[in-house]
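Here's the structure, in structure tokens; my notes come after.
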Amino acid sequence: MGFVLMLHSLVRWAILVVAVATLVKFALGWLRGGAFDRMARGLASGFSGLMDLQMLLGLIFLFGSGLSGEGFPMHRIEHAITMIVAVVVAHLPALWRKQSDKVRYRNTFFAVVGSLALIFVGIASLPQGWFG
């Protein structure tokens, strides 16, 4: 399970990098009124895809370590629930596919911000927090 935990810890940094790029692109698109282009779709898909990968790795670790004798401590359950909600929020942009470009940029920007806020809370709920 150590390898899965290591991957889970590394993917969070990839999520952060993609999230920052997404926020910059979507803020500029929203403020400048640009067209919702291939790059915007790719960043939104990349962010939600990385979130899916992170959730899969987290669930594998949660159940693998839990069933192998470590049990299911409450902080892991709280972390998992918070992160599942963050993944759902990361997928909200799919609801706005038929909206105007400006609305898509704005709403997706706030979905990523909301997802990042939940990630912050979820990681902070762990005993080691951001330093694990």
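Every number in this text was worked out from the coordinates using simple rules, so none of it is lab data. From a predicted model like this one, the values you see are computed outputs, not experimental measurements. Backbone-built Cβ (ideal geometry, glycine too); neighbour counts: all protein chains shown.
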### Task
Test S115 against the criterion of being more than 12 Å from the chain's Cα centre (by Cα) and part of a helix (DSSP H, G or I), and give yes or no.
no
### Query
Any idea which residue in region 36-81 is nearest to V11 (Cα to Cα), counting only those that are aromatic (F, W, Y) and surrounded by 15 or more Cβ atoms within 10 Å (Cβ to Cβ)?
F47
### Query
Which ones in region 118-132 are among the aliphatic types (A, V, I, L, M) and either in a helix (DSSP H, G or I) or closer than 19 Å to R32 by Cα (or both)?
L118, I119, V121, I123, A124
### Query
Between residues in region 33-58 that are in contact (Cβ under 8 Å) with a residue 40 or more places away in the chain and residues that are among the basic types (K, R), which pairs lie under 8 Å by C-beta distance while being six or more apart or on different chains?
G33/K102; F36/R104; A40/K25; A40/R104; Q54/R12
### Message
What are the pairs with Cβ atoms under 7 angstrom where one residue, in region 89-109, is over 17 Å from V24 (Cβ atoms) and the other, located anywhere, is loosely packed, with under 15 Cβ neighbours inside 10 Å and not charged (D, E, K, R)? Sequence gap at least six, or different chains.
### Response
W96/V103
#### Entry: Flag for A86 being touching a Gly at 6+ places or on another chain (Cβ under 9 Å) and surrounded by 13 or more Cβ atoms within 10 Å (Cβ to Cβ)
yes
